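Notes follow the structure.
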Amino acid sequence: MPYFIYKIGGPFKLLEKQGEADSFKAAKALANEHRRGLDPNSGYAVKMIFADNELAAEDVLSQPREAETGMIGDDY
């Protein structure tokens, strides 16, 4: 399974594929290269995901993440 690199942002959190790699090391280097080219105030982020195909990667990246409900911070 390959690693996919996506640029995410804009008013509708659109996904824009930036590339893919077969190894973690190559994908991490590619993602870091794209992150260096981003303006920190642009509202965009670069994410890397491991998936069977582009459709599966975009599906996972499009789903909202739930907040952690476990003990965090001062709750310990």
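The values are calculated or read from the model by the stated rules, or taken from the named source; none is laboratory data. Note that the structure is a prediction, hence the values are computed from the model and not measured. So basically every Cβ, Gly included, is an ideal-geometry build from the backbone, and we count neighbours across all protein chains shown.
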* Qualifying residues in region 12-34 (those that are of a type in the set (Lys, Arg) and at pLDDT 95 or above) - the one farthest from residue 60 (Cα to Cα) -> 25
* Is it fair to say residue 28 is loosely packed, with under 15 Cβ neighbours inside 10 Å, under 12 Å from the mean Cα position of the chain (by Cα) and in a helix (DSSP H, G or I)? -> yes
* Asked: Within region 31-47, can you find the residues that are in a strand (DSSP E or B) and either over 12 Å from the mean Cα position of the chain (by Cα) or β-branched (Val, Ile, Thr) (or both)?
  -> 46
* Asked: Restricting to region 41-55, what's the tally of residues that are under 17 Å from residue 18 (Cβ atoms) and free of Cβ contacts under 8 Å to residues at least 12 places away in the same chain?
  -> 2
* To do: May I ask you to verify whether residue 31 is among the small types (Gly, Ala, Ser), touching a helix residue (DSSP H, G or I) at 6+ places or on another chain (Cβ under 9 Å), within 15 Å of residue 7 (Cα to Cα) and in contact (Cβ under 8 Å) with a residue 24 or more places away in the chain?
  => no
* Selection count where residues are at pLDDT 90 or above and farther than 10 Å from residue 4 by Cβ, scope region 61-76 -> 2
